[in-house]
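The values are calculated or read from the model by the stated rules, or taken from the named source; none is laboratory data. What you see is a predicted model, and the numbers here were worked out from it, not measured in a lab. We place every Cβ from the backbone using ideal geometry, glycine too, and count neighbours over all the protein chains shown.
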Amino acid sequence: MALIFHSKIRRDDWWREVLGKYVPDLEVRFYPDVGNPDDIEYALCFAMPHGVLAGFKNLKGIFSLGAGVDHFFADPDFPKHIPFARVVDDELTGRMSEYVLQHVLNHHRYQIDYDLQQKDHIWKERFPPSARNRKVGILGMGALGAGAAERLNYLGFDVAGWSRSPKDVDGVQSFHGKDQLDTFLERTEILVCLLPLTDETTGIINKDLLGKLPEGASVINPGRGPHVVPEDLIAAIDSGHISGATLDVFIEEPLPAEDPLWSHPRIRVTPHVASVASPNRVAQLAAENIKRIEEGKELLNQVDPDRGY
Ligand code: NDP
Ligand code: OXD
């Protein structure tokens, strides 16, 4: 039984050892050293070059190394009929929540203004409303959005979430579907995007959406780069309507050195580090799913290719 592994970060010996510990008869091969493609029954990967997965005709399961699966579906030859799982994990959710809390607090407490004031040695106080009077809105209330919403609610923020279907998260107001998006936006002072990237969500943070947020609102995007239309965001900040943004993900990564997002005084950039799945947990999940496939059981965290996330 052979598994093909592909990731930007090569730790071949570690992956071979840990996967072998969980599934002793598994032979781990590292793309592009595929060997005979007909031997490959499983794939554990992130951003595999397009067309490669379709070439394994004996593939029984595909496992993403991360939570987001947009790069799989961007492959026009992605074999949608093969059982496919992604990572859902408490630790991954915990790390994302830390990122969201850190940057919600920064925007809530006007940190961008203080960074700018410090440059000019300006001492000028501005007191934020109490957390319960600060309205935070989360686009996407899945594993990561709901986790962040719970923790923000625990800190006392007035939190709402928007998703496709209604949600019941303690203390968090639920909005769903296109019809309720405007009402959600009108109440949202700090907007956090934790949507998956699909045809429906590409470019969602555009001029129109930003215009529906109240004056002075801010935006945090740890979702995917193409959720945001960068020119629209910059224009909304320059007009004073949006007070600032924190971006972790970009249309092109690494963000090109000449990109204006780097140097905008009211935009904070982090290099796609909001969260990451721990390799040990990913290996355990892959091993569990291999066992499930061998036993004819349903996968953990199976992705529905028709839904696209
Ligand atoms: P989930 O699939 O668990 O959640 C997605 C949420 O988005 C669901 O609530 C879903 O609604 C909602 N949604 C999807 N499409 C729409 C739509 N058209 N309209 C309204 N709501 C919609 O994903 P995760 O929470 O696990 O992850 C979210 C994303 O976070 C990933 O796809 C990835 O892009 C990003 N990510 C970023 C990382 C980073 O380091 N920056 C790390 C990990 C992930 P419903 O529940 O009704 O289906
Ligand atoms: C993921 C990511 O999707 O790291 O897991 O962005």
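Miscellaneous remarks
- Some residue of region 220-228 being under 25 Å from Gln111 (Cβ atoms), away from ligand 2 (no atom under 16 Å from the Cβ) and either in a loop (DSSP other than H, G, I, E, B) or modelled with pLDDT of 95 or more (or both): no
- With respect to being out of contact with any Ser or Thr (no Cβ under 7 Å at 6 or more places or on another chain), free of Cβ contacts under 8 Å to residues at least 40 places away in the same chain and not assigned by TED's automatic domain parsing to the domain that holds Asp113, Asp304 fits the description.
- In this structure, Ala67 does not satisfy being free of Cβ contacts under 8 Å to residues at least 40 places away in the same chain, within 27 Å of Val159 (Cα to Cα) and of a type in the set (A, V, I, L, M, F, W, C).
- Looking across Ala74, Ala47, one residue alone is of a type in the set (Gly, Ala, Ser), surrounded by 15 or more Cβ atoms within 10 Å (Cβ to Cβ) and either more than 11 Å from ligand 1 (Cβ to nearest atom) or without any contact (Cβ under 8 Å) to a residue 12 or more places away in the chain (or both). It is Ala47.
- Test: residue in region 137-144 that is surrounded by 22 or more Cβ atoms within 10 Å (Cβ to Cβ), touching a helix residue (DSSP H, G or I) at 6+ places or on another chain (Cβ under 9 Å), β-branched (Val, Ile, Thr) and not in a loop (DSSP other than H, G, I, E, B): yes
- Number of the exception - Glu253 against (1) on the phi > 0 side of the Ramachandran plot; (2) within 14 Å of ligand 1 (Cβ to nearest atom): (1)
- Filtered by the rule that a residue be part of a helix (DSSP H, G or I) and surrounded by 22 or more Cβ atoms within 10 Å (Cβ to Cβ), region 273-286 gives Val282, Ala283, Leu285, Ala286.
- Residue satisfying all of: in region 57-67; more than 16 Å from ligand 1 (Cβ to nearest atom) and either in a loop (DSSP other than H, G, I, E, B) or hydroxyl-bearing (Ser, Thr, Tyr) (or both); surrounded by the fewest Cβ atoms within 10 Å (Cβ to Cβ) among these: Lys57
- Near pairs, Cβ below 9 angstrom, 6+ apart or cross-chain, from region 260-287 (under 23 Å from Tyr114 (Cβ atoms)) to any residue that is among the basic types (Lys, Arg) and more than 10 Å from ligand 1 (Cβ to nearest atom): Pro265/Lys119
- Single residue of region 206-255 satisfying the filter (hydroxyl-bearing (Ser, Thr, Tyr) and in contact with a strand residue (DSSP E or B) (Cβ under 8 Å, 6 or more places away or on another chain)) that is farthest from Pro128 (Cα to Cα): Thr246
- Total residues in region 45-82 satisfying the condition of being of a type outside the set (A, V, I, L, M, F, W, C) and either under 23 Å from Gly296 (Cα atoms) or within 16 Å of ligand 2 (Cβ to nearest atom) (or both): the figure is 13.
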